[in-house]
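One structure below.
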Amino acid sequence: MIYLKAHNGEGDYVSWSGIKADPTSSDGKNVKIIYDGLLAKSGADQVYMRAGFGTRRSWQSVYDHPLMRTDRGWESPVLHMNDSQLNFCFKDSANNWDNNNGENWTYVIKD
């Protein structure tokens, strides 16, 4: 099973946040993240996704991925899951953040 979580309240994903996961492999281990949230709606000229693997509070292999503007929003490159949990948030070129009020987002693969 694959989950996209926003970690606010009950921890369930909220569709109005403008975040989508687009698995590009049947097992979900290759995924694109699509962002059409606050920064995109505020006219950001570039959006980056800060992402890392591990627990929500202890990220490993952290990297800022430049996103590409498409008709679906800002898209990440295809990310290969080397862990069962990908944590991420977003920033623009002016260093404004969309991090779900400090809770970030998580893409989880569960057996």
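The values are calculated or read from the model by the stated rules, or taken from the named source; none is laboratory data. The structure displayed is predicted, hence computed values, not measured ones. Glycine also receives a Cβ, built like all others from the backbone with ideal geometry; neighbour counts cover every protein chain displayed.
Scanning the range 74-87 for residues that are at pLDDT 95 or above and part of a strand (DSSP E or B), which turns out farthest from LEU38 (Cα to Cα)? For the range 74-87, the residue satisfying everything is GLU75.
Considering only the range 62-71, I want to know if a residue exists there that is surrounded by 18 or more Cβ atoms within 10 Å (Cβ to Cβ), under 14 Å from the mean Cα position of the chain (by Cα) and part of a loop (DSSP other than H, G, I, E, B).
So the first thing to find is which residues in the range 62-71 are surrounded by 18 or more Cβ atoms within 10 Å (Cβ to Cβ), and the list is 67.
Adding the requirement that they be under 14 Å from the mean Cα position of the chain (by Cα) leaves 67.
This time we only want the ones that are part of a loop (DSSP other than H, G, I, E, B), so: 67.
Scanning the range 62-71 turns up at least one residue that is surrounded by 18 or more Cβ atoms within 10 Å (Cβ to Cβ), under 14 Å from the mean Cα position of the chain (by Cα) and part of a loop (DSSP other than H, G, I, E, B).
Being modelled with pLDDT of 90 or more, buried (at least 16 other Cβ atoms within 10 Å of the Cβ) and under 12 Å from the mean Cα position of the chain (by Cα) is the requirement here; does TYR35 meet it? Yes; evaluated as a whole, the condition is true for this residue. Applying the criterion of being assigned to a loop (DSSP other than H, G, I, E, B) and touching a residue at least 24 places away in the same chain (Cβ under 8 Å) to the residues of the range 88-106, the residue that is farthest from GLY43 (Cα to Cα) is GLU103. For LEU67, the stated conditions do not hold, so it cannot be described as at negative phi and touching a residue at least 60 places away in the same chain (Cβ under 8 Å).
Is it true that ALA94 is loosely packed, with under 12 Cβ neighbours inside 10 Å and among the aliphatic types (A, V, I, L, M)? Give the derivation first.
Details: loosely packed, with under 12 Cβ neighbours inside 10 Å: yes; among the aliphatic types (A, V, I, L, M): yes.
Here the answer is yes, as ALA94 does meet what is asked.
Among the residues of the range 46-58, some residue qualifies, meaning at least one is surrounded by fewer than 17 Cβ atoms within 10 Å (Cβ to Cβ), more than 15 Å from the chain's Cα centre (by Cα) and part of a strand (DSSP E or B). In the range 97-111, the qualifying residues are those that are within 11 Å of the chain's Cα centre (by Cα) and among the aromatic types (Phe, Trp, Tyr), and the one that is surrounded by the most Cβ atoms within 10 Å (Cβ to Cβ) is TRP105.
Within the range 39-70, the set of residues being closer than 16 Å to LEU86 by Cα, basic (Lys, Arg) and at pLDDT 95 or above comprises just one member, ARG50.
Among the residues of the range 38-64, count how many are in contact (Cβ under 8 Å) with a residue 12 or more places away in the chain, more than 26 Å from LYS110 (Cα to Cα) and out of contact with any His (no Cβ under 8 Å at 6 or more places or on another chain).
So in the range 38-64, the residues in contact (Cβ under 8 Å) with a residue 12 or more places away in the chain come out as 38-42, 44-56, 59-64.
From the residues that got through so far, the ones that are more than 26 Å from LYS110 (Cα to Cα) too are 38-42, 44-48.
From the residues that got through so far, the ones that are out of contact with any His (no Cβ under 8 Å at 6 or more places or on another chain) too are 38-42, 44-47.
Adding up the residues that qualify gives 9.
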